[in-house]
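The values are calculated or read from the model by the stated rules, or taken from the named source; none is laboratory data. Fair warning: this is a prediction, and the values are worked out from it, not measured in the lab. Neighbour counts are summed over all protein chains in view; Cβ atoms, including those assigned to glycine, are modelled from backbone coordinates with ideal geometry. What goes into the accessible areas is simple: the full protein's heavy atoms, side chains included, and nothing from ligands, DNA or RNA. Shrake-Rupley method; radii C 1.70, N 1.55, O 1.52, S 1.80 Å.
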Amino acid sequence: MGQNPDDMFGDENYPAYTIGQAAEMLNTTQDFLRRLDEAKLINPHRSSGGHRRYSRYQLRLAARARQMVDDGTALEAACRIIVLEDQLEEALRQNEKQ
């Protein structure tokens with residue numbers, strides 16, 4: 001039996017959005033989202049047909065990258081900064097648990 005829709009869509013990591021929906025939500029292009037995949041900032045889930053599916057968490061990362069690029073940061077640099085910020089945040093969370 002499948003997951004309850006409330007459980008799936010309440011999960012920020014559930015790949016609920018197509019590339020078209022994601023691009024529209026972020027007011028960007030599908031090509032920009034593909035470039036984020038190539039830059040390894042986000043790795044969208046692939047449907048059985050090979051179509052990209054994005055989670056809310058991935059859309060937040062993409063929105064951060066879009067803002068940085070709009071502000072003049074090179075795409076590759078923006079992706080690296082976001083990855084490092086997320087790694088730092090995770091390390092700080094782990095330190096608080098100890």
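What's the number of the condition ASP86 fails, among (1) in contact with a Leu (Cβ under 9 Å, 6 or more places away or on another chain); (2) modelled with pLDDT of 95 or more?
That leaves (2) as the condition not met.
Among the residues that make up the range 37-58, is at least one of them aliphatic (A, V, I, L, M), crowded, with 17+ Cβ neighbours inside 10 Å and in a helix (DSSP H, G or I)?
No - not one qualifying residue is present in the range 37-58.
Looking only at the range 68-98, which residues are open to solvent by less than 80 Å² (accessible area, probe 1.4 Å) and not in a helix (DSSP H, G or I)?
Those that are open to solvent by less than 80 Å² (accessible area, probe 1.4 Å) and not in a helix (DSSP H, G or I): GLY72, THR73, ALA74.
Which is in contact with a Pro (Cβ under 9 Å, 6 or more places away or on another chain) and at negative phi, of ARG53, ARG34?
Details: ARG34 fails: in contact with a Pro (Cβ under 9 Å, 6 or more places away or on another chain).
The unique qualifying residue is ARG53.
Report yes if GLU12 is in a loop (DSSP other than H, G, I, E, B) and open to solvent by 50 Å² or more (accessible area, probe 1.4 Å), otherwise no.
Numbers: in a loop (DSSP other than H, G, I, E, B): yes; open to solvent by 50 Å² or more (accessible area, probe 1.4 Å): yes.
Criteria met by GLU12.
Out of the residues in the range 57-98 that are closer than 16 Å to THR28 by Cβ and of a type in the set (Lys, Arg), which is farthest from the chain's Cα centre (by Cα)?
ARG66
Checking THR29 against (1) within 10 Å of the chain's Cα centre (by Cα); (2) without any contact (Cβ under 8 Å) to a residue 40 or more places away in the chain; (3) open to solvent by 40 Å² or more (accessible area, probe 1.4 Å): exactly one of these is not met. Which one?
All conditions pass for THR29, except number (1).
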